[in-house]
Structures are given as C-alpha cells and as structure tokens.
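Working notes for the structure below.
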Amino acid sequence: MHPELRSRLLAACGPGHLFDDPDLRSSYETDWTRRFSGKAVFVARPPDTAGVAAVVAACREFGVPLVPQGGNTGLVGGSIPRAGEAVLSLRRLDRIEDFDPIAGEVTAGAGVTLQALQEFVRPHGWDVGVDLASRASATIGGMVATNAGGVRVIRYGPMRHQVIGIEAVLADGAVLARLPGLLKDNTGYDLPGLLAGSEGTLAVVTRVRLRLIPARPARAVALLGLPSLAAALEVLGAVRRRAPGLEAAEVFFPEGLDLVLRHARLAAPFPRPHACYLLVECAGADDPAPALAAALESSVDPASVLFATSRADRDRLWAYRERHTEAISAEGIPHKLDVTLPASRLAGFEALVRARLAEAAPGTRPILFGHAGDGNLHVNILGAAPDDETPDDAVLRLVASLGGSISAEHGIGVAKKRWLNLTRGPADIQAMRAIKRALDPAGILNPGVIFDLEGLTPPARRREDG
Ligand code: MLT
Ligand code: ZN
C-alpha cells in the first residue's frame, strides 16, 4: 500500500482498525452463503461518518475500489471483494441517536444491528417495521443499502418504506445529509429512496432516520400442515379477510422441514408430514388469537394446526421457518434464488420450478420456502457446483416467463447481474447506468455489483507507486 494512503487511512480509522493481515481479513472475505468470496487488499473500519468520508476520498485518490460491508449477511456476493477491492466495514458506526418517543422516529448508525435497535426501541412501546432471521448480525446500513424485506413486508413494507432520512458518503467523499428527515418533504429527487436498494454502488450509507411502528405485544401464531401450496394460499386468503393484524405469512415444505429438524435437532411439529406448511402471525393491541382461530376454523383440520400465544411457544413455531437458512447451509453450499411471482401464479410455480430443475439440472435438490404473503419464494438449490449457473438460469428464465421478478429482496449483487435484463427493460437499465455514472464516475463504489460498466474503471493514478 502507498505510504501516504496508509497514513491517511490510519488517521481515518485509528490504530487497530486498518488491516491487511490475511487472518484478520478472512471473515470479511466470504459471504454468508460461502458461494462467494474474494481477497481484500485491506479492511478499513472507520469509527464515524467523517472517518468513512476520509477513507472514501483517499481510496478514490489512490484508485482503490471499495466494497461497503455491514454485518456480512448478504446472500448475493454483493458485499465481499471480488477483484482487488478493499472492504469498508461500517460496523463501528453503531450509535443510536435522537430517539423521538412521541413521533416514533430514531436515527441509527449504519453498523447498528437490527436486534440492537429492536432492543432499544421496544421498551418504549415502539418497534422496527422490518424483521428478519439474521437480526443479530444484519446491520441497519446494510438493510437499507439492500432494501431488505423479511417477514413483515405484507404489513409494513420493506426497508425503503421505513426510511425517512439518510446520511451517506458519496464517491468523492462528500457527505449527503438528509437527516433528521421529514415525513413531508417534496423538494426534488428522493435521494434516500434511491440509495435504498442501491447495494453500495451509489454511496456509502452512514446513518439512517427510521420511522418506527407501534409495538404490538399481543401476538398469535398458527402453524398449519396442508395438502398443497394452493391450499395454503386459500387459507391465507381467509386469514387476510377475517383476521385483523396479519403480520407474517410464511410457507415451507417437507424437504426444508426435514433439514431443520435434523440440523437444529427439533421435534417434528405434527405426528405426520404434510405437503406444505403455512405459518401465520397476527399482532395487535388486543389479543388477536380468537379472530385468528375463527378465521381458520372452517378451512382447516384442527389436528393439523398448532397455536401459540406465549413468547416461548411462538418462538418454537417460528424456529421451523427461521432456521431454514442455517439448516440448508449446514447441508451444503446452496445456490440461493429469491423470486417473486404474481399472486395468481405462485401456486403453479412450485410444481413448475421443481420440474424445470429436474430437467435442466438433474440431481440437484430444490428446497423452497419463503414469504407467501408477498408472493416471494426462496428457491434454494443444493447439489450444484458453486460456479455452475445452469440451475439459476433455468429458474430465473421460468420466473421471467411467468411475469415475476428475479430478486424479491436479496438484491442482484454479483449473483444475478447476468439475468438483470430478464425483468428490467433496456430503458430501465440505461437509466440505472446513467445514475451510476453520474454519482460514481470513477467506479470506486462496489464495482461489478448490479451491472458491469465498461469504461468505469477506478483511476490507477497512484495505485502502483506504493
Ligand atoms: C429468509 O427469508 O429467511 C431470508 O431471506 C434468508 C434466506 O433466504 O435464506
Ligand atoms: Zn426472505
């Protein structure tokens, strides 16, 4: 590393927070799936926004591209280095500030974990609208940068809908400050909305102002065993119509449940297996259990329903769904696809995707689960080599032919950029490229994520001379 770059980075990060030792770097170099990894030239861990700005400015000057990284829970290879980038870790930006208990708003540093924020706001009667299984590691900055979805999108929307203000460092080191954030602010382009879901390619998110939701402590969960996904969607329709406060509607199948039972050492939920499992959660100020039970009464066999209202029992039922990710990864390195289908096509998709995979990639094992309430299924494929894109291609083309999206919530990263044009038209992609060029003309921020941009290579002006 050029001595001047090193001394500027050290000044920005402080001792112990700039490292190029392979052992120290390694946990920043492989993503959660283990399918994507690469070598970082160094890892920089600045403590605050000024430090992030100084790192970005120095790296731009020395032509070192940066991969911003939060909790490294990404699943599409978008937050790990690929070809000579440095990792810019945001984890030290972990302050929670300016909590407004009247308005229900809070400002979180990019490195605050979702769980830390939940634990901070819940005692005050507020909650975070987005929740997901990786809450202990996923950071607010990463969740905004990827527009994370999770299990409550049907009620509160994805991360972008929670954001009312943002602070971010642009590619030239300037700080874009849209904090504290106003609920009504019609003064030009919606930059926080643009940065949400930009996957670290347009700016580095450093702080976020979030709108909170009222905490709803009265909760009821039902886990149902059903004969098919079509039957599960029918029951879900009844719950949507008749049970107020529906917050989550998740599905999984026997092949995923078997992995969870085995790897998490859990007892089976029902005495006999079912073709599809639906988990619904309702929440409100008043006990939602009677309305949920009434909504389910006429449409399901009571022997195939488990109810839970206490925290411990709810967690026990949720574990069957939430532990899918770790159970699948314990079995092998999966290809993780994350697709949305139009509601009317979701039930038919299940059989179609299994058949398409059996034909295009025989011997692979599909494990499906996901967020039935938003038409979002996670198609995990075991048994394919990490670099064999045959199964991915088969699934994503099927999804596009049915009018769906190739990424519902995980993003494009590097994993899916080859297929971006299946569901984004030429004008869309042209506009996105123009935005990238305008905001990051030197291609310093997360190059090669979402799309490749010819001619956008970081300046090598001072890279070699150190
Ligand atoms: C989930 O819904 O659990 C997450 O999207 C993680 C995953 O897909 O594995
Ligand atoms: Zn998900």
For this session: Filter the stretch 142-151 down to residues that are more than 12 Å from Pro192 (Cα to Cα) and either away from ligand 2 (no atom under 11 Å from the Cβ) or outside any loop (DSSP other than H, G, I, E, B) (or both), then give me how many there are.
Result: 3
Seminar exercise, completed: Taking the stretch 17-49 and keeping residues open to solvent by 60 Å² or more (accessible area, probe 1.4 Å), assigned to a helix (DSSP H, G or I) and touching a residue at least 24 places away in the same chain (Cβ under 8 Å) leaves Ser27
Exercise. Out of all the residues in the stretch 141-152, is one or more among the basic types (Lys, Arg) and open to solvent by 30 Å² or more (accessible area, probe 1.4 Å)?
Worked result: no
Exercise. Within the bounds of the stretch 397-419, is there any residue that is without any contact (Cβ under 8 Å) to a residue 60 or more places away in the chain and open to solvent by less than 10 Å² (accessible area, probe 1.4 Å)?
Worked result: yes
Problem set entry | Unmet criterion (only one of (1) within 15 Å of ligand 2 (Cβ to nearest atom); (2) part of a loop (DSSP other than H, G, I, E, B)) for Leu368 | (2)
Exercise. Where residues in the stretch 331-348 are of a type in the set (A, V, I, L, M, F, W, C) and away from ligand 2 (no atom under 16 Å from the Cβ), which of them is surrounded by the fewest Cβ atoms within 10 Å (Cβ to Cβ)?
Worked result: Ala343
Seminar exercise, completed: If we keep only residues of the stretch 153-163 that are away from ligand 1 (no atom under 13 Å from the Cβ) and under 16 Å from Gly109 (Cβ atoms), then the residue surrounded by the most Cβ atoms within 10 Å (Cβ to Cβ) is Val163
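Which ones in the stretch 371-383 are away from ligand 2 (no atom under 16 Å from the Cβ) and either part of a strand (DSSP E or B) or buried (at least 21 other Cβ atoms within 10 Å of the Cβ) (or both)?
Leu382
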For this session: Looking only at the stretch 187-198, decide whether some residue is open to solvent by 10 Å² or more (accessible area, probe 1.4 Å) and within 16 Å of ligand 2 (Cβ to nearest atom).
Result: yes
Problem set entry | Near pairs, Cβ below 7 angstrom, 6+ apart or cross-chain, from the stretch 147-166 (without any contact (Cβ under 8 Å) to a residue 40 or more places away in the chain) to any residue that is outside any loop (DSSP other than H, G, I, E, B) and within 16 Å of ligand 2 (Cβ to nearest atom) | Met159/Met143
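The values are calculated or read from the model by the stated rules, or taken from the named source; none is laboratory data. Model, not experiment: these values are computed from the prediction. Cβ coordinates were reconstructed from backbone atoms using ideal geometry, including for glycine residues, and neighbour counts include every protein chain displayed. Protein only, heavy atoms only, side chains kept; ligands, DNA and RNA dropped before computing areas. Shrake-Rupley method; radii C 1.70, N 1.55, O 1.52, S 1.80 Å.
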